[in-house]
Amino acid sequence: MLSKKSFFTLFTLLSLFSFSQVKVGQWLDHLSYNDANSVVRVGDMVYVSNGSGLGTYNVSDNEIKKLTKIDGLSDVGVTLLRKNDNNDRLLVVYNNTNIDVIKTDGSIINVSDIKRKIITGKKVINEVYFSSNFAYISCGFGIVVFDTDKLEVKDTYYIGNGTTTEEVYQVTKNDTAIFAATIDGIYYGLLNSNLSNYQNWKPLNTGLAIGPYNSIVNFNGSIITNYSQYYKTGAYNSDTLYQLTNTGWQKYTINLNYIGSTNFKLYDYSKYTRMLIIDRNGLCDYTPTGSRTNYLTNYGFDYVHLNDVFFDNNSFWLADKIYGLVKSGGAIWTPNERISINGPVNNYVNDLDCKDGVLYNAPTDLGGAWNNQYQFPTLSSYSDYTWTTINNATFDSIKDVNCVAIDPNDNTHVAYGSWGKGVLEMRNNQRYKIHNTTNSTLKPAFGSSYDARVGGLDYDGNSNLWAVASLNNKFLNVLLKNGTWINFDFSTVSNANPNAIMPINPNAAKVLVDKNNQVWVQLARGNGMVVFKPGANYSQPNTSNAKVISSAKGSGALPSLDVRCMAEDNVGSIWVGSSKGVSVFYNPENIFNGGNWDSQQILIDQDGQVKILLENDVITAISVDGVNRKWIGTESSGVYCISADGQQEIYHFTKDNSPLYSNSVKDIVNDETTGDVFIATEEGIQSYRTAIIKGFEVYTDVHAYPNPIRPGYSGSVYITGLVDETELKITDISGNLVWATKSQGGQVEWNLQTFSGAKASSGVYLIYCATASGDMSATTKLLIVN
């Protein structure tokens with residue numbers, strides 16, 4: 001028995017290891033917060049939306065956090081944040097009309113009434129106005145009255161003529177009536193009437209131009225509205241402000257210097273005797289007499305690009321399209337501070353690659369037709385829980401960066417593929433070289449003399465870069481480590497097999513180099529694949545070293561010619577994802593030696609019936625983790641994790657049963673050093689932490705975490721730094737065996753239970769690790785305090 005003194009001395013020594021920043025089973029948000037669309041302050045907390053989730057900034061201690069579906073929000077696609085001053089409840093409005101209510105204690109209540117209801121008319125929420133405990137929600141079909149105290153819908157007002165609905169952009173009220181700004185003009189309903197009856201809503205358009213009116217406020221007792229030329233035509237012509245008087249509407253004249261004259265949005269801050277106006281050029285702040293007290297069109301470091309504003313009588317909190325959350329004094333000469341929330345440049349993502357704890361993203365999705373998008377690159381890298389923006393000033397005229405590959409022997413050496421400008425080679429996040437049709441063997445697309453459309457990149461084990469330049473017969477290239485380019489001409493194999501015909505000038509795309517140094521190339525737009533073995537001398541393709549893979553038996557037996565992705569697993573099998581599920585080349589080495597090499601679909605037992613694995617899913621991504629499990633992304637069914645042989649479903653994540661942002665997955669990669677699975681969806685990037693990491697070559701800093709285990713802890717402990725297939729035994733201080741296992745990869749999980757299922761008692765535990773042969777071993781200690 002340890003003495004109390006020695007017990008706590010050991011406790012202190014073992015405190016060197018504590019909780020990692022992300023726990024196993026935890027999801028992590030990797031969204032950009034640069035393009036903010038809404039902002040509000042509640043108490044000391046400022047909330048800003050990036051369109052997917054929320055960032056929070058505590059003004060009392062400057063703490064920045066994220067609040068997303070991972071952390072308790074019910075949905076993604078936030079469009080509006082609005083606070084009820086009466087009870088400080090925050091409404092989080094989503095683009096599908098779902099609503100979350102965040103209470104002052106931080107709890108989140110979902111209100112999905114509008115989302116769930118079958119509604120005639122446009123299903124969208126445009127704005128929210130508060131009066132007492134009621135929120136008047138302006139919708140595409142009318143007005144919904146929501147009680148923010150009882151958290152229930154009280155009523156719905158339809159303003160149309162009884163057969164059609166009227167879209168409401170914003171509402172306000174005075175002592176006698178509610179006013180609604182609509183696409184056709186202003187309507188009002190008297191408060192003492194039955195506003196649920198559309199006949200009690202009347203037009204109030206005397207003196208007004210013919211709609212639409214996008215904004216309306218009650219500013220110190222005056223009803224002011226905006227005629228929006230932008231809402232009417234989409235063109236940036238002049239908007240006009242009107243004020244309601246006893247004789248009807250009259251133009252409301254204010255000083256518009258330093259602010260544009262289109263797309264006005266009005267904000268009523270009568271409690272501070274202020275009205276704010278933002279438009280496409282900036283922000284103006286007005287008194288009831290129409291005098292301007294503040295204006296802001298430039299922060300001092302760049303122009304403003306406003307989506308939303310919140311005023312707290314001390315600061316203007318801005319949702320900027322480029323700089324995210326900005327705190328401003330209201331003018332260029334006042335302090336204008338960007339509150340940066342770490343993340344990628346934006347949420348555009350198409351292709352990911354990860355190596356030794358570093359993740360890179362290629363942002364441009366070329367679509368199913370593989371067409372130019374003309375997007376300038378917005379590149380970011382991620383490591384150690386931090387996103388770094390890569391300076392795009394070095395990219396020249398490169399556009400449509402759609403693929404990325406990391407040198408397996410140097411994770412600071414990265415190549416990006418541009419659909420039109422060739423290959424961008426980077427070192428340490430700085431441009432090293434641009435390879436195009438003038439200085440490499442990359443060939444232009446047919447009909448062009450310069451347009452090298454690179455849609456696929458992969459490094460082989462010797463750091464040679466393989467690049468596919470599409471829409472010509474000489475689509476495959478390799479950049480050797482010594483800087484030499486070699487091009488491969490597939491003209492001679494285009495019609496080598498009548499059952500597997502490669503089109504002339506194929507839309508060649510993704511590329512994979514396997515352990516046998518065979519090069520696999522996706523032939524997009526439903527043309528299957530080609531596999532090529534150049535050999536040590538980099539021979540040109542011919543009928544003996546290149547084959548087109550089709551759906552025909554003897555030519556690959558693909559379930560579909562619409563191939564979307566490829567991956568090599570840990571035993572050398574090639575997994576192919578298509579529009580009709582998954583197939584596997586179990587013997588890819590047989591392709592050029594005469595053996596059977598057709599791919600096979602995986603048969604599984606499902607409820608007593610034999611079925612084909614994922615045969616009805618469009619497979620968009622496949623990644624392999626440290627113990628050969630397959631992570632499979634789909635076009636509409638989310639993410640599957642299956643066992644190494646495909647027979648067992650370990651996870652199936654969807655947007656309905658998990659924090660996954662979207663069921664439409666673009667790419668998946670595994671970080672074998674952390675166990676993180678990075679998932680790219682149409683909403684952005686997120687990651688899921690698993691316990692699976694790659695086994696180490698030798699025992700490396702073997703330790704248990706968390707360590708010590710403190711009172712009240714209910715999770716597992718992880719022993720990491722292991723060689724694969726380690727024989728691991730845990731004993732108490734007297735040498736009694738408590739638990740044992742064999743590792744898969746470089747880490748094991750112990751649920752803190754003994755062989756008998758009892759909870760491990762307080763004390764010091766010794767952890768013995770050894771390879772099966774016994775030639776390597778390691779020990780460590782764990783302290784448990786219950």
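The values are calculated or read from the model by the stated rules, or taken from the named source; none is laboratory data. What you are looking at is a predicted structure, and each value in this text was computed from that prediction instead of being measured. Cβ coordinates were reconstructed from backbone atoms using ideal geometry, including for glycine residues, and neighbour counts include every protein chain displayed. These area figures cover heavy atoms from the full protein model, side chains too; ligands, DNA and RNA do not enter into them. Shrake-Rupley method; radii C 1.70, N 1.55, O 1.52, S 1.80 Å.
Cα centroid separation, region 70-106 to region 278-338: 24 Å. Starting from the Cα-Cα distance between Tyr586 and Tyr432, subtract it from 0.36 nm times their residue separation and give me the gain in nm to one decimal. Gain in length upon complete extension: 51.6 nm. Note on Asn110 and Ser196: the model spin-label points, each 7 Å out from Cα along the C-beta direction, lie 2.8 nm apart.
In terms of overall dimensions, the C-alpha atoms belonging to region 673-786 reach 55, 39, 23 Å along their principal axes, ordered largest to smallest. For region 135-226, trypsin sites (Lys or Arg not before Pro) meeting the loop criterion (DSSP other than H, G, I, E, B) and having at most 11 other Cβ atoms within 10 Å: Lys150. Of all aspartates and glutamates in the structure, the ones whose alpha carbon falls short of 18 Å from that of Lys611, not counting any fewer than 8 places away in one chain, are Asp645, Glu649.
Normalised by 2.2 N^0.38 Å, where N counts its residues, the alpha-carbon radius of gyration of region 297-380 equals 1.46.
Projecting the Cα atoms of Gly324, Ala691, Asn663 onto the dipole axis of the chain, where Lys and Arg carry +1 and Asp and Glu carry -1 at the beta carbon, places Gly324 farthest toward the positive end.
For region 368-425, the direction-averaged projected area of the alpha-carbon convex hull comes to 4.9 nm². Across the options Ala235, Tyr47, Leu28, the greatest Cα extent toward the positive end of the charge dipole of the chain (unit charges at beta carbon of Lys, Arg, Asp, Glu) belongs to Ala235. Applying a threshold of 19 Å to the alpha-carbon distances of Lys150/Lys271; Lys123/Lys265; Lys443/Lys510; Lys123/Lys666 flags Lys150/Lys271; Lys123/Lys265; Lys123/Lys666 as lying beyond it. Quick one: compute the contact order of region 117-259, relative version, from alpha carbon pairs under 8 angstrom and 6+ residues apart, as a percent. 14 percent.
Computed from the Cβ-Cβ distance with R0 of 30 Å, the FRET efficiency linking Tyr651 to Tyr385 stands at 0.80. Taken along its principal axes, the alpha carbon cloud of region 596-640 reaches lengths of 31, 27, 20 Å, longest axis first. Express in whole angstrom the spacing between the alpha-carbon centres of region 532-601 and region 658-710. With region 532-601 and region 658-710 each reduced to a Cα centre, they are spaced 29 Å.
Looking at region 379-535, the pairs of alpha carbons with a distance over 29 Å make up 17% of the total.
With r defined as the distance between the Cβ atoms of Gln600 and Tyr713 and R0 fixed at 45 Å, what FRET efficiency is calculated, to the nearest 0.05? It comes to 0.50.
Under the combined filter of DSSP loop state and at most 10 neighbouring Cβ atoms within 10 Å, region 704-781 retains these chymotrypsin sites (Phe, Trp or Tyr not before Pro): Phe755.
The share of accessible area on region 501-615 that comes from carbon and sulfur is 45 percent, using a 1.4 angstrom probe.
Could you give me the ³J(HN,Hα) list for region 321-331, computed from phi with Karplus coefficients 6.51, -1.76, 1.60 and θ = phi - 60°, whole Hz, x at Gly and Pro? Along region 321-331, the couplings run 6, 10, 9, x, 7, 10, 9, 9, x, x, 8 Hz. Could you give log10 I(q)/I(0) at q = 0.13, 0.15, 0.25 Å⁻¹ for region 139-218, computed by the Debye formula over C-alpha point scatterers of equal weight, without solvent? Log-scaled intensity ratios, in q order: -0.37, -0.49, -1.32.
Rolling a 1.4 Å probe over the protein heavy atoms gives region 662-774 an accessible area of 40 Å² per residue. Computed over the Cα atoms of region 476-632, the ratio of the radius of gyration to the Kirkwood radius (Rg/Rh) comes to 0.97. Eigenvalues of the alpha-carbon gyration tensor of region 539-578, scaled by 5 and square-rooted, set the equivalent ellipsoid semi-axes at 19, 16, 10 angstrom, largest first.
Equivalent ellipsoid of region 592-694: semi-axes from √(5λ) of the C-alpha gyration tensor, largest first, are 24, 18, 14 Å. The tail of the calculated P(r) for region 343-459 beyond 26 Å holds 13 percent of all Cα-Cα pairs. Label sites at Thr779 and Asn516, each approximated as a point 7 angstrom past Cα along Cα to Cβ, lie 4.7 nm apart. Here, P(r) means the percent of Cα pairs in each 20 Å bin from 0 to the largest distance; for the chain it is 14, 38, 33, 14, 1. Principal-axis analysis of the Cα atoms of the chain puts helix 4-13 at an angle of about 90° to the longest axis.
Annotation note: GluC sites (Glu not before Pro) in region 699-768 located in DSSP loop regions with a Cβ neighbour count of at most 15 within 10 Å are Glu725. Taking each residue as 0.36 nm, the span from Asn342 to Asp71 lengthens on full extension beyond its C-alpha to C-alpha distance by 95.9 nm.
Each of Thr388, Ser448, Thr437 was scored by the projection of its Cα onto the charge dipole of region 387-469, and the greatest displacement toward the positive side belongs to Ser448; charges sit on the C-beta of Lys, Arg, Asp and Glu.
Remark: the Val698-Glu725 segment gains 8.5 nm on full extension, using 0.36 nm per residue and subtracting the alpha carbon distance. Projected label points at Asn255 and Glu152, each 7 Å from Cα along the beta carbon direction, are separated by 5.1 nanometres. Shown in residue order for region 137-143 are the 3J(HN,Hα) couplings computed by the Karplus curve 6.51 cos²θ - 1.76 cosθ + 1.60 at θ = phi - 60°: 9, 7, 10, x, 10, x, 10 Hz (x for Gly and Pro). Each part gets one Cα centre, and for region 747-769 versus region 130-145 those centres are 56 Å apart.
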